[in-house]
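One structure below.
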Amino acid sequence: MKNQVAIIQTTLILSDRTLHFYTFSDCHLPTYRPEHQIKLWSLLTIQPGKEQPSMGFIKGVINLRNYKTEEEIAEIDKACIVTADMHLTAIRMVRPGMRECEVSAAIEAVANAHNYRVSFPTIATINGQTLHNHYHGNIIKKGDLFLLDAGAETEMGYAGDMSSTIPADSTFTPRQREIYDIQFACHEASVAALHPGIHFEEVYDISAQIIVEGLKDLGLMHGDAIEAVNEGAHALFYPHGLGHMMELDVHDMENLGEIYVGYDGQPKSTQFGRKSLRLARKLEPGFVHTIEPGIYFIPELIDQWKSE
C-alpha cells in the first residue's frame, strides 16, 4: 500500500531508566500545547521549527472531526447547559463593590460541581475592550459593564462557550441599552442566516452590516453599510470574527490550522478584523460552531485610527 505507516521506536537513556517514544513516520500531527512540542523537540533532538507534520493526516482528522455524531452533539449540549448555568450565576450576582475574581470563582464552581472543568481560561472583566482579558483583580463599579466569556467542559472533553454582557447595576443605562440592542439584533440575524450551503463569511458580513447600521442610527458611523464592511471600517468597533468550530477543543482543532479547519484550504483575508475570522467556509450538516459578535470601544484603537 502506498505511504504505508511505519512505527519508529526511539530509545533514550535518561539517568538510570530507559524511555521509549513512538511516533508514526509521515503521519505526524502538530502538537497542541507548547510544552509538549518542546518536550518532543528535546526527546527526538529535532531542531525547533524543522518538524514536518503530515498534511494528509491533518486533513483526514479534520474531515473526521468536523462532522459531529448525534452522541457528540448530545455531549456538547450537556456542556452548553452547564455553561448557561455559569452565566446565569454571574447575572444573578454581579453588583457594584464586588471583585471580578469573586464572579470568576463562583462560575467556575458551577462547572466543578458537575465534575466538569472550564473549557478555556475564564474572561470575567469590566475591561472587555481588551480582548481575551484574563485579569480578575478589579473592583466592579456602579455604571460598569461586566463581560463574561466562559464555558464548561464535560468529563469526555466536549466544550461549551458563551459570552454575556452584564450591567453592574440592576439595569443598563439608556446608552448601554442602545449598544446592547444592536449587538443582540446582530446575534439574532446571524443565527437566522445559518443554513447548510452558506459560507460563514457571508454570515459575518451580515453581522457586520447590522452593527454599522445600528451605529449609524446613533451617529457613530456614516455612509453605506455594505461599502463600510467591504472596506473594513466596521472593525473599529468589531475587531474580531463571528465564531469558530466547537467540539473537543473550544476552538476546535486549533492546532491543525485555521486554513484547513475553518477555510477548507482557502487563503485568509489580511484585512484588519476580517483576518481574525476563525471560520469562513461553507457550512455543512454536522458542523457545530459558535455565534459571538461584539461591539467594542477601544480608546487606543480609536486614537490610532484618528491619527492615520
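The values are calculated or read from the model by the stated rules, or taken from the named source; none is laboratory data. All values reported here derive from a predicted model rather than from experimental measurement. FYI the Cβ positions are ideal-geometry reconstructions off the backbone, even for glycines, and counts take in every protein chain you see. Only protein heavy atoms, including side chains, enter the accessible area calculation; ligands, DNA and RNA are left aside. Shrake-Rupley method; radii C 1.70, N 1.55, O 1.52, S 1.80 Å.
In the range 268-287 there is at least one residue matching the filter, namely being of a type outside the set (Val, Ile, Thr), free of Cβ contacts under 8 Å to residues at least 12 places away in the same chain and under 21 Å from THR130 (Cβ atoms). Scoring ILE259 on the criteria (1) part of a helix (DSSP H, G or I); (2) within 30 Å of GLY97 (Cα to Cα); (3) at pLDDT below 95 leaves a single failure, condition (2). Residue count for the range 189-217, restricted to those that are more than 20 Å from the chain's Cα centre (by Cα), assigned to a helix (DSSP H, G or I) and exposed (fewer than 15 other Cβ atoms within 10 Å of the Cβ): 2. Considering the range 101-121, the residues that are out of contact with any helix residue (DSSP H, G or I) (no Cβ under 9 Å at 6 or more places or on another chain) and outside any helix (DSSP H, G or I) include one that is nearest to PHE146 (Cα to Cα), namely PRO121. In the range 121-143, the qualifying residues are those that are open to solvent by less than 30 Å² (accessible area, probe 1.4 Å) and of a type outside the set (Val, Ile, Thr), and the one that is nearest to ALA235 (Cα to Cα) is GLY128.
None of SER170, SER164 is of a type in the set (Ser, Thr, Tyr), under 20 Å from ASP85 (Cα atoms), surrounded by fewer than 22 Cβ atoms within 10 Å (Cβ to Cβ) and modelled with pLDDT of 95 or more except SER164. Filter the range 107-136 down to residues that are in contact with an Asp or Glu (Cβ under 8 Å, 6 or more places away or on another chain) and of a type in the set (Gly, Ala, Ser) and give me whichever is nearest to GLY294 (Cα to Cα). Checked the range 107-136; the qualifying residue nearest to GLY294 (Cα to Cα) is ALA124. Any residue that is over 19 Å from GLU155 (Cβ atoms), at pLDDT 95 or above and not in a helix (DSSP H, G or I) - is there at least one of those in the range 71-89? No, the range 71-89 contains no residue that is over 19 Å from GLU155 (Cβ atoms), at pLDDT 95 or above and not in a helix (DSSP H, G or I). Listed by first and then second residue, the pairs linking a residue in the range 93-117 that is at positive phi to a residue that is open to solvent by 30 Å² or more (accessible area, probe 1.4 Å) and outside any loop (DSSP other than H, G, I, E, B), with Cβ atoms under 7 Å apart and 6 or more places separating them unless they lie on different chains, are GLY97/ILE139. In the range 8-64, of all residues being at pLDDT 65 or above and among the hydroxyl-bearing types (Ser, Thr, Tyr), the one that is least open to solvent (accessible area, probe 1.4 Å) corresponds to SER54.
Which of the residues that make up the range 218-232 are assigned to a helix (DSSP H, G or I) and open to solvent by 40 Å² or more (accessible area, probe 1.4 Å)? Matches in the range 218-232: ILE226, GLU227, ASN230, GLU231. When the test is whether a residue is in a loop (DSSP other than H, G, I, E, B), within 19 Å of the chain's Cα centre (by Cα) and buried (at least 17 other Cβ atoms within 10 Å of the Cβ), LYS68 passes it. Residues in the range 68-99 that are farther than 21 Å from GLU247 by Cβ and either in contact with a Ser or Thr (Cβ under 6 Å, 6 or more places away or on another chain) or among the polar types (S, T, N, Q) (or both): THR89 only.
Among residues that are in a strand (DSSP E or B), among the acidic types (Asp, Glu) and either touching a residue at least 40 places away in the same chain (Cβ under 8 Å) or closer than 21 Å to SER276 by Cα (or both), ASP169 is not included.
Would you check if GLY241 is assigned to a loop (DSSP other than H, G, I, E, B) and within 26 Å of PHE172 (Cβ to Cβ)?
Spelling it out, GLY241 is indeed assigned to a loop (DSSP other than H, G, I, E, B) and within 26 Å of PHE172 (Cβ to Cβ).
Identify all residues within the range 240-257 that are open to solvent by 20 Å² or more (accessible area, probe 1.4 Å), among the acidic types (Asp, Glu) and within 13 Å of ASN66 (Cβ to Cβ); write none if there are none. Answer for the range 240-257, where residues must be open to solvent by 20 Å² or more (accessible area, probe 1.4 Å), among the acidic types (Asp, Glu) and within 13 Å of ASN66 (Cβ to Cβ): just ASP249. Restricting attention to the range 279-308 and to residues that are farther than 25 Å from PHE146 by Cβ and among the charged types (D, E, K, R), the residue that is surrounded by the most Cβ atoms within 10 Å (Cβ to Cβ) turns out to be ARG281.
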